[in-house]
Each structure stands twice: as structure tokens, then as C-alpha cells.
Amino acid sequence: MATISLCMIVKNEEEVLERCLNSAQGMWDELIIVDTGSSDRTKEIAAQFTQHVHDFEWIDHFSAARNFAFSKGTCDYLMWLDADDIILPDDHEAFLQLKATLDPSVDTVMMKYNIAFDEQGNPTFSYYRERIMRRCPLAKWEGAIHEVITPFGKIMHSPIAVTHRRKAKADSDRNLRLFESLIARGETLSPRETFYYARELYYHARYDDAVREFTQFLHDGRGWLENNIEACRVLAQCLTALGKADKARLALLRSFEYDSPRAEVCCELGYYHFAKSEYEPAIQWYKIALQCPRNDASGAFVLEECYGYVPHLQLCVCYDRLGQHDIAVEHNEQAGKLRPQSPAYLHNKKYFEDKMALV
């Protein structure tokens, strides 16, 4: 059976660390906790689970801290979690089975990362991350922010998920602050870092700056395919926020230069026409979204609702606006099958019931 060193970096995580480690009990053979400057009970809690608690002076560089943590691991494989992650019971059981049967030739295990959820707790936003790596020189983190290990060797994709459950409000300015600190020091951002820097500018409603960075990122042509497609989509959102809807449409269409249509992009194109009351072309884009294959293993940010729930819900509204109420009801019911407690589905259901009562 493969042995695993779980290596974590933490700072002021007293509210969530015990929850995380309790959920992952039994998954690791060795637990490494690296503290980057806590002023609360984080280290005390960590010491209840392992004797391997180390200090690392924070230098505004996540990869430096993670690589230090990995350097302390001694098992066959290295694994990481953040303190506000949890392993749900079904995933815990599946993980133990994976650990017991893992092919020793596997070098990298990619696992799902669920980070947003609907009203029933089902994932609405997820993507695959490199979660378990063979302990070797290739298992090296890169990037000061949004750090990553390039998957290497024989790669396995597992449906087992890590669930992100933050309790406290995150420092929403931290990543942007770190990026701009790097730039101020004269450091050149990698293509991947430029992509994430542009996203941070978008999150902070600095749309003109984000447009500039996304445009440069796409112009340079050195980005990863899925980041290129996502850059087109978020660039379109920035342009829409700036009142440049027609340019936003062109940005979305540009994503087709990189690969076949993604449902996320098709939903955005559908909404472009919907906002202009152009219901027939909107319907065509939402129908295309329903036909797009979903590939979680691509590594892309997958907005799961765009592959069913959102297109059906929007088709419901479009057909209702066109007076085709029977088709509208059918699409609302399809949306309800996917999210039966959705407020939008329930609102539409009552709307149609009230309409029928007046007939």
C-alpha cells in the first residue's frame, strides 16, 4: 500500500484546522504542518494531531512555503490540503480504497476540488487539482500566488473530491496586493500569473485594467488552452460591465478559436441576446450549451450549472416571452429535476400555476 505525507501550510486557522484534520483522519501516514506566523491557537491544535509542526517565515510566496512543507515529507507520495478544506464521508471512504489499490506506477493523482454549492449542497463550481504527487524533484510548487505543480509522469484522474468550506471571510485584497507587490519589485509575471492577475483585477471591479491584462495575455499567445478560453469569457464580463456589450460578444466568439464551444461561453452568448430581447438567437445558444460535452478532467473551471440547469432555466424564460408556454413549462421542469429547491425554479413553477388558474 502506498504511504502518504499530508503536507499543509497554515496561518491563524484555529476555527477550521481541527475540522479539516478530523475529516481526513486515517488518510495520511505522516502529517506535516508548517505554520507561517500564526498568532492564535493554530499550532496548539496542530500539535494534537502530529509532532511534525514546523515554522516558516512568511515571505509573500506561497510556493516557497509549500515547497518547505513538501521537503519535510518522507512517504512515497506527498499530498496537500488547505485548512478550510474538508473530506466528506463518501470521499473519505473512496480515498482509503484508492490508497489501498493505487497503482505504484502512478506519479500524479488529480482530484476534484468543489468550491461553490447550491442550496442543497451540490457542487456548482469545481475543477481538478494536482492533489497527490510522487515524492521526487518534479513535485515542486511554482508561482508566488495561485501556486501550482505541473502534473508529471503517469497521471490518474480520480472523481474523489476535496470540499472547500471557508468559515471566516477571506482577505479579498491579499492576492491582488501580492501580485502588485511582485510587479512593483520589477518581476515579470508568467503567462499563468498574468491570467490570475487579470482575474483579480476583475474581482476588484478594475475593469479597464483587467481588459488590458486579459488582452495582453491573449495577444502573447503563451497561455494554457483552458486559461485562454476562460480569459475570453471573463474579458467579456469586463467589457459588459464597461457598457461594451458588442465587444463582449466578440470576446466570447474568440474563444472558439482555441477549441470547441464550452457551455459556459454559450450561456454568456445566450444572455447577450436575451438582454437585447433577441429571444430566438438566445434560444439557439442555450440549446448549444445543452449539447456541449462536459469534461471535468480538462482542468478547466467547470460551472456545472451551465451544462443543464442554467440553459433550461433561460430557455423557460425565452419561450415564455415568445408566448410558447408549454415549452417554457417543460424546460422549467427540466431545471427543477436538476435543482428541485432552486428559488428560480419554484418561482417559475408558481408563476405557471397561477397563469393556468386564470385560464
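The values are calculated or read from the model by the stated rules, or taken from the named source; none is laboratory data. Since the structure is predicted, the reported quantities are computational estimates derived from the model, not experimental observations. No Cβ is skipped: glycine too gets one built from the backbone with ideal geometry, and neighbour counts run over all protein chains shown. Surface areas here come from the heavy atoms of the whole protein model, side chains and all, with no ligands, DNA or RNA. Shrake-Rupley method; radii C 1.70, N 1.55, O 1.52, S 1.80 Å.
Run through every distinct alpha carbon pair of the range 148-228 and return the Kirkwood hydrodynamic radius in angstroms, one decimal place.
Details: mean 1/r = 0.0670 Å⁻¹.
Radius from the Kirkwood sum: 14.9 Å.
Give me log10 I(q)/I(0) at q = 0.20, 0.26 Å⁻¹ for the range 184-263, Debye formula, one equal scatterer per alpha-carbon, no solvent. With one equal scatterer per Cα and no solvent, log10 I(q)/I(0) is -0.82, -1.28. Panel note: the C-alpha atoms of the range 107-200, placed on their principal axes, show extents of 41, 39, 20 Å (largest first). For the Cα atoms of the chain, what angle does the longest principal axis make with the long axis of helix 279-291, in degrees from 0 to 90, nearest 10? So the inclination is approximately 40 degrees. Measuring r between the beta carbons of R19 and D60 and using R0 = 30 Å, the FRET efficiency lands at 0.65. Here the Debye sum runs over all C-alpha atoms of the range 1-158 as equal scatterers in vacuum, and log10 of I(q)/I(0) at q = 0.13, 0.14 Å⁻¹ comes out as -0.60, -0.70.
Relative to the Cα centre, the charge distribution of the chain, modelled as +1 at Lys and Arg Cβ and -1 at Asp and Glu Cβ, gives a dipole magnitude of about 500 debye.
Rounded to the nearest 0.05, the FRET efficiency derived from the C-beta distance between D40 and A245 at R0 = 45 Å is 0.45. Give me the 1.4 Å probe accessible area per residue for the chain, excluding ligands and nucleic acids, in Å². Here the residues of the chain average 48 Å² of exposed surface. Using a cut-off of under 20 Å, list every residue of the range 42-85 whose amide N is near the label point 7 Å from the Cα of D171 along the Cα-to-beta-carbon line. Within reach of a label on D171: 42-44, 54-69, 81-85. Normalised by residue count, the range 245-337 yields a Cα convex hull volume of 85 Å³ per residue. The alpha-carbon atoms of the range 290-359 define a convex hull whose volume equals 89 cubic angstrom per residue. Over the range 216-282, the ratio between the Cα radius of gyration and 2.2 N^0.38 Å evaluates to 1.09.
Over 25 Å apart: what share of the alpha carbon pairs of the range 121-257 falls there, rounded to a whole percent?
Numbers: 3544 of 9316 pairs.
Percent of Cα pairs beyond 25 Å in the range 121-257: 38.
Electrostatic tally near Y113: other residues with Cβ closer than 11 Å to its Cβ, Lys and Arg +1, Asp and Glu -1, net -1. Computed from Cα positions, the angle between helix 325-338 and the longest principal axis of the chain comes to roughly 10 degrees.
Over the alpha-carbon set of the chain, divide Rg by the Kirkwood Rh and report the Rg/Rh ratio to two decimals.
Values: Rg = 22.8 Å, Rh = 22.6 Å.
Rg/Rh: 1.01.
Remark: spin-label model distance L253-K350 equals 4.1 nm, labels positioned 7 Å along the Cα→Cβ axis.
How big is the range 204-359 by the Kirkwood estimate over distinct Cα pairs, in Å? Don't skip to the answer; put the middle values down first.
Numbers: mean 1/r = 0.0602 Å⁻¹.
Mean inverse Cα-Cα distance, inverted, gives 16.6 Å.
In the range 72-229, carbon and sulfur make up what percent of the accessible area (probe 1.4 Å)? For the range 72-229, the apolar C and S fraction of the accessible surface comes to 51 percent.
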